[in-house]
Amino acid sequence: MKVIGAIPKSFSVTERKRATNFAERHPATVPSLVDAFLNEDYRASQRIAVVLETLAKRRADLIQPHLKRLLSCLDKPGTGTALKRNIPRILQWTTIPDKLKAMTVNSCLKLLADPAELVAAKVFSMTVLANIARDGHAALANEIRAHIESQYQLSTPAFRSRAKKVLKTLDRLSLQH
């Protein structure tokens, strides 16, 4: 089955739910969704990202086998802005396995530190990094904090809003340790 055929051009809320429910009931279609997400044009990739994010929220176990591939895409030169934004958006809902944490931290810190990167990629990366710090890597908190604080005053309201939430999480971590 070609999964991209299940993602229509007019992608209403009902159609997104239908596509997500189908993928959830038929886990064998998830690799095809990931393939299409990484290889289709910008619009199709955007539509599929919504399905993958919802799957990550509901059933992270369906996304877990594809994390390394998603992360590898972030490090490729020429990766499009939609993928740079949507991969961390998906990752924020999953638990990163220990063997992929270093790769995830490097990729997300690179996105967060890049002054030319879009704000959406940065805010999702902040959340992924905070989740990793919260899951037993409290030493990472200082590095995340430094990146956030260096950009805070010059960034957008969206960046500052997410930064406040992430900084509160990091503050709680420092109080625990």
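Throughout, read-outs are computed from the coordinates displayed, never taken from laboratory work. What you see is a predicted model; the values in this text were computed from it and never measured. Cβ atoms come from the backbone with ideal geometry, glycine included; neighbour counts cover every protein chain shown.
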query = Between K57 and R16, what is the label-to-label distance in nm when each label sits 7 Å out along the Cα-to-Cβ direction?
reply = 0.8
ask   = Measuring from label point to label point, each 7 Å out along Cα→Cβ, what is the L118 to D171 span in nm?
value = 3.1
inquiry  = Which residue fluctuates most in the GNM of the chain (Cα springs below 10 Å): T127, T79, T104?
reply    = T79
key: Paramagnetic reach from T95 in segment 122-137 [backbone N under 13 Å; point 7 Å along Cα→Cβ]   = 132, 135-136
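Is any helix in the chain, taking whole DSSP H runs, at least 20 angstrom long along its axis by alpha carbon and on average at least -1.0 on the Kyte-Doolittle scale, and which ones?
The qualifying helices are 42-58, 98-113, 119-134, 157-176.
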request  = Using Cα positions and a limit of under 22 Å, work out the lysines in reach of K57, with same-chain residues fewer than 8 apart set aside.
outcome  = K17, K68, K84, K99, K101, K122, K165
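Would you mind counting up the charge near K110? Only other residues with Cβ under 9 Å from its Cβ, with Lys and Arg at +1 and Asp and Glu at -1.
Working: positive: none; negative: D75, D114, E117.
Computed value for this residue: -3.
For every helix of n ≥ 4 consecutive DSSP H residues, a contribution of -39,500 (n - 2.57) applies; sum these over the chain, divide by its total residues, and give [θ] at 222 nm rounded to the nearest 500 deg cm²/dmol. Spell out each step's value before the answer.
Values: 10 runs with 128 residues, N = 177.
Helix contribution divided over all residues of the chain: -23000 deg cm²/dmol.
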remark   = Ranked by GNM mean-square fluctuation in the chain (Cα springs under 10 Å), the top entry among A158, A49, A116 is A116
key: Between segment 96-142 and segment 17-80, the Cα center-to-center distance that results, in Å   = 19
key: Gaussian network model of the chain, springs between alpha carbon atoms under 10 Å - residue of L100, L52, L38 with greatest fluctuation   = L100
key: Cα-based shape type of segment 85-177, given that a ≥ b ≥ c are square roots of the gyration tensor eigenvalues and the cut on a/c is 1.5   = oblate
task = Once you have a ≥ b ≥ c as the square roots of the Cα gyration tensor eigenvalues for the chain, tell me rounded if a/c is under 1.5, and otherwise prolate or oblate according to whether a/b is larger than b/c.
result = prolate
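In segment 94-177, which trypsin sites (Lys or Arg not before Pro) are in a loop and have at most 16 other Cβ atoms within 10 Å, using DSSP for the loop call? The partial results should precede the final answer.
Values: sites: K99, K101, K110, K122, R134, R145, R160, R162, K164, K165, K168, R172; in loops: none.
For trypsin sites (Lys or Arg not before Pro) across segment 94-177 that sit outside H, G, I, E and B with at most 16 neighbouring Cβ atoms in 10 Å, the list is empty.
How do V34, V119, V105, V13 line up, fewest other C-beta atoms within 10 Å first? The partial results should precede the final answer.
On the way: V34 23, V119 16, V105 20, V13 8.
Lowest to highest Cβ neighbour count: V13, V119, V105, V34.
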